[in-house]
Amino acid sequence: KSHLYVQVFGGGTSNTEYETLTGHSITFLPYVISAYQAYCKPAEYGMATTLKAQGYTTVAMHPNSSANWNRKTVYEDMGFDEFISQSHYGDVEKLRNYVSDKGNYDRLISRYEEKAPGEKLFIFNVTMQNHSGYAQGWNNLTKTIRLSTQLRTADSSAEQYIALAQASDDALEELIGYYSQVEEPTLILLFGDHQPQVATNFYTDVLGTAPDTALAQKKQMVPFVLWANYDIPEAQGVELSLNYLSALLMDTANLPMTGYQKYLARLWEAAPVINTVGIRDAGGNWYGENEALPEELEEELP
């Protein structure tokens, strides 16, 4: 478990999905609002095609409209066998007006239990519970955590996001509890798509105001955890940008890696973080958008 560096802040989930599934860093693409809408095409390379070639059934899940961010078309282009969208969730638990993480995981488990014995299954699940606007009414969400007066003054709606994060923790505990009892080897990779859309003043109070690259990168950091119901190498404090996540997953699962994934694994050693804010080398040095890279690092990049 540790942190990822993503490209987006406060929104833009589809770009996080794109980097996860393809390994491509949007740092090297012309500026676009969404790579899903501008760059994906039929027979799009990615995790779905790689794992299908290894005999996996590939399923995408998202408990909202299939049209959001062009997902229905993109998932088809990427070769997913199935897309479970909002209309396929049935009567599951909701928080606020969205399917809760618990409801989402209940549906995920039901899909897992539908598979044939011995069938290999890859599920890519984009949750919806913690989507922004946090200033709306609390509705059926329990207020479990209170911020300090200073932070509540900066943005009282942040309390709602933190309460939602608590509910996410509880749902993850139940999910891991279920798969810890499953005999079939199972990996769960959980990570954030971006930091929440709360007031700038809240982030200023939490992170400070120094305008350097390292501080800017703090707003691009999200947690991740990679868990298995069998022994895998343990590690903490490993930081990487999102484009390397698929290579990490394949390596941890001990699955055959494509040549491109092997390249990403090598590049990760030279440049552990690559995003639109900057590049960090193996020594921990940051290089901003307009800074020259050392020659040896320049040679490693595409």
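The values are calculated or read from the model by the stated rules, or taken from the named source; none is laboratory data. Fair warning: this is a prediction, and the values are worked out from it, not measured in the lab. Cβ sites come from the backbone with ideal geometry, for glycine too, and all protein chains shown count toward neighbours. Ligands, DNA and RNA are stripped out before the accessible areas are found, and what is left, the full protein with its side chains, is counted by its heavy atoms. Shrake-Rupley method; radii C 1.70, N 1.55, O 1.52, S 1.80 Å.
Here are the numbers for this structure:
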read-out	value
Gyration tensor verdict on the stretch 132-250 (Cα atoms; rounded if a/c is under 1.5, prolate if a/b is larger than b/c, oblate otherwise)	oblate
The chain: relative contact order in percent, alpha carbon pairs under 8 Å with at least 6 residues between	26
Portion, in percent, of the accessible area of the chain that falls on carbon or sulfur, probe 1.4 Å	50
Solvent-accessible area per residue, Å², over the stretch 55-181 with all protein chains present [probe radius 1.4 Å]	48
Y105 accessible area, assembled protein chains, probe 1.4 Å, Å²	20
Gaussian network model of the chain, Cα within-10 Å springs - most flexible of Y260, Y75, Y31	Y31
Accessible surface of F9 - all protein chains present, 1.4 Å probe, nearest 10 Å²	80
Relative packing of 13-21, 268-276, which averages over residues the other C-beta atoms within 10 Å, highest first	13-21, 268-276
Identified option (computed Kirkwood radius over Cα pairs in Å; candidates (i) 19.7; (ii) 20.5; (iii) 21.8)	(ii)
For the stretch 195-302: accessible area per residue (Å², 1.4 Å)	54
MRE, 222 nm, helices only [DSSP H, n ≥ 4, -39500 (n - 2.57), over the chain, to nearest 500]	-10500 deg cm²/dmol
Cα shape, the stretch 36-81, gyration tensor, a/c 1.5 rule	oblate
When each of K1/K102; K120/K219; K94/K262 is checked by Cα-Cα distance, pairs over 29 Å	K120/K219; K94/K262
